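The values are calculated or read from the model by the stated rules, or taken from the named source; none is laboratory data. This is a predicted model, so every value here is computed, not measured. We place every Cβ from the backbone using ideal geometry, glycine too, and count neighbours over all the protein chains shown. In case anyone asks, the SASA skips ligands and DNA or RNA and just uses the protein heavy atoms, side chains included. Shrake-Rupley method; radii C 1.70, N 1.55, O 1.52, S 1.80 Å.
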Amino acid sequence: MSSLAVRTADPATGTTPGTAQGPPLRGRIALVPTIALLIGALYTLLPVAWVVIASTKSGSELFSTFTFLPGTGLTENLADLNAYRDGVYWQWMGNSALYAGLGALLSTIVSACSGYALAVYRFRGRETFFNVLLAGVLMPPVILAVPQYLLLAEVDLTDSYLSVLLPQILSPYGVYLARIYASAAVPADVVEAGRMDGASEWRIFTRVALPMMVPGLVTVFLFQFVAVWNNFLLPYIMLSDDEKFPITLGLYTLLEQGANAPALYTLVITGAFLAIFPLIALFLVVQRFWSLDLLSGAVKS
């Protein structure tokens, strides 16, 4: 006749000998999303690392071997890129800065006004308008590019700076973010207090609501800046003068010419490497606004 062994719990760990321990198992399960995120980060950063390393290689080093060891041709590549067509690359960079900077700024202003109005005011058709706006968020830009070209061609604005700037001003996603942030950051009591003090609606918006919305609007500006900076399809359709090209379209033309002149491939890679720096600098600058928002939230709580 078999006997049952009585197991007592370990007073130090609180677990029973011979049974699976909870905390180590939960720790191993918690490692799964961490590992998945690390794999995703590696997948994302690997092409960037290759561009950085490939920009240091000369033409012979680039095509002879495929290694992640840095080369010796970075200085020569930078000099060739600067000399190409009397520095047209910097013209492209300046155009991208204009399109992305001014376009993101105007888009943020429109998003701030629209988002605040949708969050604060109650009017007929507000929810319908917002639902249509959400449909615009889901619509791919490629569907709108050709109709935008046809509309701008009717007013003779194609192949101009405005043909790239004007379609970027209204961002459905920016308006959506501005409304969500205004609903959370601008209390209705503050708006009512401003009205009771006799302030106009415009003064309440600019002096009271807008400072509260700054962290959210910085996010809108960042998203729109990156979207315009990386935009290729709209300039490709709208522009024919290469002196008005942004950096994306300019590098694409260099890449096409590289089929007949392989030496241009090093210029494309070096140009892509330099085009990363404005985005990195922008991220570093706007981080302080997010940090200030988190600190203010901690103080309020």
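Some notes on this structure:
- For segment 25-55, a tally of residues being at pLDDT 85 or above and over 25 Å from F273 (Cβ atoms) returns 4.
- Residue check, V146 aliphatic (A, V, I, L, M) and in contact (Cβ under 8 Å) with a residue 24 or more places away in the chain: yes
- Residue check, S111 at pLDDT 90 or above, among the small types (G, A, S) and under 25 Å from Y236 (Cβ atoms): no
- All conditions but one from (1) open to solvent by 30 Å² or more (accessible area, probe 1.4 Å); (2) under 23 Å from R85 (Cβ atoms); (3) in contact (Cβ under 8 Å) with a residue 24 or more places away in the chain apply to L267; the one that does not is (1).
- Every condition in (1) open to solvent by 20 Å² or more (accessible area, probe 1.4 Å); (2) free of Cβ contacts under 8 Å to residues at least 40 places away in the same chain; (3) on the phi < 0 side of the Ramachandran plot holds for G258 except the one numbered (1).
- Scoring K300 on the criteria (1) over 18 Å from L222 (Cα atoms); (2) surrounded by 13 or more Cβ atoms within 10 Å (Cβ to Cβ); (3) at pLDDT below 85 leaves a single failure, condition (2).
- Residue in segment 139-149 that is open to solvent by 30 Å² or more (accessible area, probe 1.4 Å), in contact with a Ser or Thr (Cβ under 6 Å, 6 or more places away or on another chain) and at pLDDT 90 or above present: no
- For A153: the one exception among (1) open to solvent by less than 50 Å² (accessible area, probe 1.4 Å); (2) more than 29 Å from S240 (Cα to Cα): (2)
- Test: residue in segment 287-297 that is under 14 Å from the mean Cα position of the chain (by Cα) and modelled with pLDDT under 85: yes
- Tally, over segment 164-218, of residues that are open to solvent by less than 50 Å² (accessible area, probe 1.4 Å) and small (G, A, S): 10
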